[in-house]
Amino acid sequence: MNYSQNFIPTLREVPADAVIASHRLMFRAGLIRKLANGLFAYLPLGLRSFRKVEKIIKEEMDAVGALEIKPPVVQPAELWKESGRWDAMGQSLLRVKNRLDHDFIVSPTAEEAFTALVRDELSSYRQLPLTLYQINTKYRDEVRPRYGVMRGREFTMKDAYSWHENENSLDKTYQEMGQAYRRIFKRCGLTVLPVKADSGAMGGSGSEEFMVESEVGDNTLILCKSQTQGLCDYAANVEKASCKADFAGIMSIEEAKTAAANTPAFEKIDTPNVKTIDELCSFLNAEPKTFIKTLIYRAENVELDLSSIPSCAKLERKKPSPDAPAVYAEVFFAAAIRGDLDVNEVKLAAILKASEVTLASDTDVVRLTGAPVGFAGPIGLTTLPLVIDHSVTVMNNAVTGALAKDLHYKHAAYGRDFEAWLVDDIRTVKAGDTCIICGSELYTKMGNELGHIFKLGYKYTRSMNVSYLDVNGKSQTPTMGCYGIGVDRTLASVIEEHHDEAGIIWPVSLAPYHITIIPIKYDGAVKEAADKLADQLTAAGIEVLLDDRNERPGVKFNDADLTGIPYRVVIGDKGLGQEVPQVEVKSRKEKETFMADLDKAAEELTQKIHKELTLLSGC
């Protein structure tokens with residue numbers, strides 16, 4: 001392809017709203033342009049690299065037996081109402097009506113569509129396991145789209161979904177997908193960090209994210225320091241991370257009662273205008289770890305059966321479909337944790353099987369506890385289900401709110417003075433905590449998610465009534481897996497990892513062209529040599545951009561660096577005038593140039609490119 005026939009509108013200036021390298025360079029190199037906030041168009045150079053990411057993904061999906069389909073982007077609302085996510089997804093859904101006043105959504109994800117398609121065709125266990133995938137456009141009405149295509153409103157994702165007879169079959173596909181993802185990112189030239197993750201609104205039990213380190217990442221990653229020495233592989237998103245307890249064991253009710261036997265009975269103490277842990281520390285001259293912090297939460301779409309709890313028994317439960325578990329639209333909970341720790345709301349939502357948990361309003365706190373915010377405590381709290389963190393089970397001489405303004409209890413003891421409806425890990429892990437696997441110190445990094453694999457279980461197949469006949473002719477519900485990769489985000493992340501002050505440094509596997517040929521002046525013998533070399537390379541399967549523009553060499557060199565094409569070949573009268581005609585070759589990722597014989601250049605460059613592609617593929 002000749003440069004003059006292409007459309008590569010490079011820029012010298014950085015767009016004002018571009019704050020990360022990939023956003024700046026994709027604009028400056030002429031890869032993308034913005035039509036509206038969060039909406040981008042790929043120009044020819046960018047689309048070539050985008051298609052190469054897609055090709056790698058397709059090859060690896062096909063290699064593990066996944067079958068590609070193409071469902072519509074616009075989906076009927078009925079499917080989302082069946083699954084219960086019409087309401088749960090909130091304002092991020094782009095809802096539209098057709099001329100008949102029927103509700104539709106512009107797909108933000110495809111669990112419902114794929115499940116409906118399989119439901120209509122699945123009849124026998126002989127059809128399982130089955131894995132289908134798409135690479136398609138998605139839309140999520142992000143509150144604050146930013147960082148270019150890294151977080152846009154419209155984007156492209158690869159979604160794969162699998163259906164299975166049992167957990168063993170699901171686990172096999174889940175592991176195969178995990179390995180396929182590692183190959184995909186390696187072929188793209190990316191350094192990724194697989195981490196344990198929360199399934200969030202997707203539901204399900206098992207979940208693994210594939211992250212790239214980023215200073216502006218949306219995710220906090222918790223990593224073990226021993227990982228750098230290859231001694232421990234613990235890595236998790238902070239939403240899922242656990243740590244080794246900094247106290248001795250977790251006590252049962254009986255053990256807690258025994259431990260509290262020598263603790264004085266709890267008694268009220270006046271704490272005027274003292275609401276926060278810091279204020280209590282100062283007022284009582286005590287450390288935060290001696291306090292029990294109790295927070296009131298509002299949970300939405302709770303799938304647990306709470307009918308045995310008096311405060312919940314009369315709440316109305318709704319069912320997304322006849323065979324789906326009933327859910328409570330809204331339930332309030334109390335969560336108690338040691339004073340120096342923080343509640344992990346994502347963990348809490350997962351434990352409660354809720355779509356979301358948020359702190360209750362001040363009005364609701366007063367209504368439910370009878371006290372202002374800051375004075376809630378577990379003793380005497382009978383109006384709410386109480387979830388406590390493991391750290392509270394060993395506290396037998398603690399200070400906590402007394403459910404009354406300006407009052408706290410001292411000598412509070414778990415097991416003796418209060419019990420929990422549920423005890424679990426609801427602690428937010430932070431840097432400096434201890435690795436749950438090896439005991440080393442944990443540290444944090446910021447990262448962006450590129451891919452995510454889930455074991456969805458029965459969340460969608462039950463709510464949408466998917467069934468098949470097993471070997472005995474009995475109706476069964478299949479279990480399900482889900483596997484996603486953001487194509488745009490992967491492309492942007494490659495640029496984040498591979499660039500310098502001059503521009504992009506593409507891995508050969510994703511470069512829009514493998515080689516740019518730059519004639520110093522495109523006429524006469526130089527033109528003839530450039531055209532011949534371009535033809536030889538093209539015949540060998542190498543993608544070539546021939547810069548035939550009537551521009552100064554410096555402009556061409558700058559554009560070659562900016563667009564990041566892996567190899568630059570410069571042809572001029574000086575090199576061609578040698579006894580053996582020569583060209584100047586430079587790798588984009590190296591500073592030095594070298595001379596190559598013109599008649600051997602095509603073969604040598606072809607070998608270099610094939611070698612780099614082989615290294616990236618791991619073959």
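Run the numbers for residue 285 and residue 397: contour at 0.36 nm per residue of separation, minus the present Cα-Cα distance, in nm.
Between residue 285 and residue 397, full extension yields an extra 38.8 nm.
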- Rounded FRET efficiency, nearest 0.05, which uses the C-beta distance separating residue 443 from residue 471 and R0 of 51 Å: 0.50
- Message: Counting only GluC sites (Glu not before Pro) that sit in a DSSP loop (anything but H, G, I, E, B) with at most 12 other Cβ atoms within 10 Å, what is the longest stretch of the chain containing none of them?
- Response: 14-214
- For the cross-link pairs 158/445; 240/314; 55/225; 58/455, which exceed 31 Å when the distance is taken from alpha carbon to alpha carbon? 240/314; 55/225
- Message: Counting only protein heavy atoms and a 1.4 Å probe, tell me what percentage of region 45-194's accessible area is made up of carbon and sulfur.
- Response: 50
- First select every other residue whose beta carbon is under 14 angstrom from the beta carbon of residue 168; then total the charges, Lys and Arg +1, Asp and Glu -1. -2
- Note on the structure: Each label sits 7 Å from Cα toward the beta-carbon; between residue 19 and residue 276 the label points are separated, in nm, by 2.5
- Averaging over all projection directions, find the projected area of the Cα convex hull of region 401-535 and quote it in nm² with one decimal place. 23.5
- In terms of solvent-accessible area of protein heavy atoms at a 1.4 angstrom probe, what is the ranking of 191, 271, highest value first? 191, 271
- Estimated 222 nm signal from helices in the chain, with DSSP H stretches of n ≥ 4 weighted -39500 (n - 2.57), rounded to 500: -8000 deg cm²/dmol
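What FRET efficiency do you get for residue 228 and residue 591 if R0 is 30 Å and r is their Cβ-Cβ distance, rounded to the nearest 0.05?
0.55
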- Message: Contact order normalised by length for the chain, with contacts defined as Cα pairs under 8 Å and 6 or more residues apart; what percent is it?
- Response: 17
- Task: Would you please classify the overall shape of region 94-221 from the alpha carbon gyration tensor, given that a ≥ b ≥ c denote the square roots of the eigenvalues, rounded means a/c under 1.5, and beyond that prolate means a/b larger than b/c while oblate covers the rest?
- Result: oblate
- Taking Cα pairs closer than 8 Å and at least 6 residues apart, the relative contact order of region 291-433 in percent is 28
- Note on the structure: Magnitude of the Cβ-charge dipole (Lys and Arg +1, Asp and Glu -1) of region 269-351 about the Cα centre, nearest 20 debye, reported as 220
- Calculate, for residue 250 and residue 81, the FRET efficiency according to 1/(1 + (r/R0)^6) with r their C-beta to C-beta distance and R0 56 Å; round to the nearest 0.05. 0.85
- Just read off the accessible area of residue 23 with the full protein assembly in place, 1.4 Å probe, to the nearest 10 Å². 10
- Task: Within region 544-582, find all residues whose amide N lies under 18 Å from a label point positioned 7 Å from the Cα of residue 525 along Cα-to-beta-carbon.
- Result: 570-582
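Kirkwood hydrodynamic radius of region 218-326 from all distinct Cα pairs, in Å?
Kirkwood hydrodynamic radius for region 218-326: 20.0 Å.
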- Message: Report the gain in length on full extension from residue 166 to residue 100: 0.36 nm times residue separation, minus Cα-Cα distance, nm rounded to one decimal.
- Response: 19.6 nm
- Task: Grab the alpha carbons of region 9-104, take their convex hull, and tell me the volume per residue in Å³.
- Result: 185
- Note on the structure: Residue span residue 36 to residue 191: 0.36 nm per residue of separation minus Cα-Cα distance leaves a gain in nm of 52.7 nm
- Task: Report the accessible area of residue 527, computed with a 1.4 Å probe over the heavy atoms of all protein chains in place, in Å² rounded to the nearest 10.
- Result: 80
- Item | Total charge dipole magnitude, the chain, about the Cα centre, Cβ charges on Lys, Arg, Asp, Glu only, Debye to nearest 20 | 600
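Put 293, 138, 55, 225 in order of accessible area, largest first, 1.4 Å probe: what do you get? Before the final figure, lay out each step's value.
On the way: 293 40, 138 0, 55 120, 225 95 Å².
Reading off the accessible areas and sorting them downward yields 55, 225, 293, 138.
The values are calculated or read from the model by the stated rules, or taken from the named source; none is laboratory data. Owing to the predicted nature of the structure, the values given are computational and were not obtained by experimental measurement. Neighbour counts run over all protein chains shown; Cβ positions are idealised from the backbone, glycine included. Each accessible area value is taken on the protein alone, full model and side chains, heavy atoms only, with ligands, DNA and RNA left out. Shrake-Rupley method; radii C 1.70, N 1.55, O 1.52, S 1.80 Å.
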